[in-house]
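None of the figures in this text is laboratory data; all of them are computed from the coordinates on show. Because the structure is predicted, anything quoted here is derived from the model rather than measured. Note that each Cβ is placed from the backbone with ideal geometry, even for glycine, and that neighbours are counted across all protein chains shown.
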């Protein structure tokens, strides 16, 4: 039997972060919206308390935490038990899949992204939101969050690492945007969303499952796309 998860023991405290930092939350949501394609059926993996799924109109979510699923359901999300590495859905089920600050918690990033690819329909998009540990605001911010029980021991992966794993899964045609050019506690209003990555703490990456594409074909490297 594993140790209790802080997401189960103190889910409400985690969820209150969004209320304590409304401008930072609004900026993150605006960045996700910029690359979110929508669709008739969409999924958030690591749905948490539903803070992103609900305003984006995503009605299905997966999360391993019962307490988080309870909060997501209160926001109208059909949240089911599951992990990113083994999604409980048939192949080609969704038009779009979202992961926001999920990959820093998973045990196997490659398996998680292969699963996201598997449940996407051809032409569907995977949108990943992440904390960029190499961005200028990251040093002070990561010192703070690593004291939190929610983030203790997690690995924040760079956009280049995430894109590499997305490519290996078979995703292509990448797009990027970024926001939070200051630590969240310093953001008061109107934080911009810009293309590319490398400056903002919060980065959004979108990749597409092309028709019959295979992981070895059609690769466009992240370094070629930076700042697009």
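Structure above, values below:
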item	result
Cβ-derived FRET efficiency at R0 25 Å, residue 173 paired with residue 194, nearest 0.05	0.80
Where labels lie 7 Å past Cα in the beta-carbon direction, separation of residue 73 and residue 186 in nm	4.2
Additional length obtainable on full extension of the chain from residue 33 to residue 12, 0.36 nm per residue less Cα span	5.1 nm
Pairwise label distance in nanometres, residue 121 with residue 40, each label 7 Å out on the Cα-Cβ vector	0.5
Mean separation of Cα contacts under 8 Å (6+ apart) over length of segment 91-191, as relative contact order %	30
Linear extension gain, residue 20 paired with residue 160, 0.36 nm per residue minus alpha-carbon span	47.4 nm
GNM result for the chain, Cα springs below 10 Å: residue of 189, 116, 96 fluctuating most strongly	189
Rounded to 5, percent antiparallel among DSSP beta bridges of the chain	50
Max mean-square fluctuation residue, GNM over the chain, Cα-Cα springs under 10 Å, options 198, 61, 50	198
Relative contact order of the chain, defined on C-alpha pairs under 8 angstrom at six or more residues apart (%)	21
CD proxy at 222 nm, helix term only [per DSSP H run n ≥ 4: -39500 (n - 2.57); per residue of the chain; nearest 500]	-9000 deg cm²/dmol
